[in-house]
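Worksheet for the structure shown next.
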Amino acid sequence: MVLDAFSRAVIAADAKTAPIGGADLAALKSFIAEGNKRLDAVNAIASNASCAVSDAIAGIACENTGLLQAGGNLYPTRRMAACLRDAEIVLRYVTYALLAGDSSVLDDRALNGLKETYTALGVPTGSSVRAFQILKAISVAHITNTNTEANAGKKFRKIDTPQGDCSALAAEAASYFDRVISALS
Ligand SMILES: CCC1=C(C)/C(=C/C2=NC(=C\c3[nH]c(/C=C4\NC(=O)[C@H](C)[C@H]4CC)c(C)c3CCC(=O)O)/C(CCC(=O)O)=C2C)NC1=O
């Protein structure tokens with residue numbers, strides 16, 4: 001089931017046959033109060049998605065050149081295209097989860113069965129995990145606005161975000177990538 005921070009609170013309260021109050025209500029209050037920051041964080045990932053995905057997949061190919069050779073899972077270009085597509089799909093679901101403040105959409109629509117699919121197709125787990133670790137690092141850097149020219153090279157781009165502490169949202173986004181990583185591990 002696809003939930004968000006609000007429906008999740010309702011289900012938890014209903015299970016206790018209690019009204020929503022106390023810490024749950026405070027958490028929802030802050031979800032609303034910090035809403036614009038959350039939208040900026042989603043945008044930080046979404047608006048850099050194609051650059052991030054190509055960087056992550058180039059990264060795994062550089063670290064493991066066998067992937068690009070006959071028998072490797074990025075060869076021929078059909079497999080490279082499938083990998084880029086998969087990374088983009090999963091990243092998109094991470095943005096949905098971050099928007100909703102809940103991982104269920106990511107779990108149900110993208111991660112459910114993915115490891116089994118990869119195992120059946122012979123897609124290497126270690127390289128997939130590494131790709132999502134790179135995407136996690138890129139996304140956290142964009143949310144906290146700490147991306148550097150040293151790592152980005154010619155593609156370096158800073159987005160204008162309002163001042164403020166985005167560490168909680170960066171940690172939340174990181175937790176969604178950790179779900180991806182543990183689902184594939
Ligand atoms: C619900 C959303 C959704 C997901 C997540 C999804 C994944 C998905 N990835 C696939 C293939 C694939 N995925 C990869 C991915 C990779 N190869 C690598 O070396 C890297 C480690 C990795 C990229 C990070 C590859 C190479 C294939 C093609 C494998 C083959 O046909 O031999 C396939 C098999 C069918 C196809 O080729 O389209 C599925 C279903 N499909 C979906 O609809």
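The values are calculated or read from the model by the stated rules, or taken from the named source; none is laboratory data. Keep in mind that what you see is a predicted model, and the values were worked out from it rather than measured. As a convention, Cβ positions derive from the backbone with ideal geometry for all residues, glycine included, and neighbour counts pool all protein chains shown. When the accessible area is computed, the model is the full protein with side chains, heavy atoms only, and any ligands, DNA or RNA have been set aside. Shrake-Rupley method; radii C 1.70, N 1.55, O 1.52, S 1.80 Å.
Structure above, values below:
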{"item": "Solvent-accessible heavy-atom area per residue, rounded to whole Å², over the range 31-185 at 1.4 Å", "result": "52"}
{"item": "Cα gyration tensor, the range 48-120 - rounded (a/c under 1.5), prolate or oblate", "result": "oblate"}
{"item": "Tensor-based shape of the chain (alpha-carbon gyration tensor, a/c under 1.5 rounded, otherwise prolate or oblate)", "result": "oblate"}
{"item": "Integer Hz, Karplus 6.51/-1.76/1.60 couplings in order for the range 35-50, x for Gly and Pro", "result": "x, 5, 4, 4, 4, 4, 5, 4, 5, 4, 7, 4, 7, 10, 4, 5"}
{"item": "Net charge of Cβ neighbours under 14 Å - reference VAL90; Lys, Arg +1; Asp, Glu -1", "result": "+2"}
{"item": "Label-point separation in nm, ALA120 to ALA15, each point 7 Å along Cα→Cβ", "result": "3.1"}
{"item": "Paramagnetic reach from ASN112 in the range 1-15 [backbone N under 15 Å; point 7 Å along Cα→Cβ]", "result": "1-4"}
{"item": "Cleavage-rule hits (GluC sites (Glu not before Pro)) in the range 113-185: DSSP loop, at most 10 neighbouring Cβ within 10 angstrom", "result": "none"}
{"item": "Net length gained if the chain between LEU25 and ALA81 were fully extended (0.36 nm per residue, minus Cα distance)", "result": "15.7 nm"}
{"item": "Calculated FRET value between ALA33 and SER7, using beta carbons and R₀ = 25 Å, to 0.05", "result": "0.85"}
{"item": "Sum of side-chain charges, GLN133 neighbourhood, beta-carbon under 14 Å (Lys, Arg +1; Asp, Glu -1)", "result": "0"}
{"item": "Cα gyration tensor, the range 94-168 - rounded (a/c under 1.5), prolate or oblate", "result": "oblate"}
{"item": "Value at 222 nm in deg cm²/dmol, rounded to 500, when DSSP H runs of n ≥ 4 in the chain each add -39,500 (n - 2.57)", "result": "-21500 deg cm²/dmol"}
{"item": "Solvent-accessible ranking of LEU25, LEU135, largest area first, probe 1.4 Å", "result": "LEU25, LEU135"}
{"item": "Sites ILE89 and GLN69 - FRET efficiency at Förster radius 22 Å, r taken between beta-carbons, to 0.05", "result": "0.30"}
{"item": "Highest-MSF residue in the chain out of ASN145, ASN112, ASN48 [GNM, Cα springs under 10 Å]", "result": "ASN112"}
{"item": "Residue-count net charge about MET1 - beta-carbon cut-off 15 Å; Lys, Arg +1, Asp, Glu -1", "result": "-3"}
{"item": "J(HN,Hα) series, the range 141-155, from Karplus relation 6.51 cos²θ - 1.76 cosθ + 1.60, nearest Hz, glycine and proline x", "result": "5, 6, 5, 8, 6, 10, 5, 10, 4, 4, 8, 8, x, 5, 8"}
{"item": "Whole-percent carbon and sulfur share, accessible surface of the chain, 1.4 Å", "result": "57"}
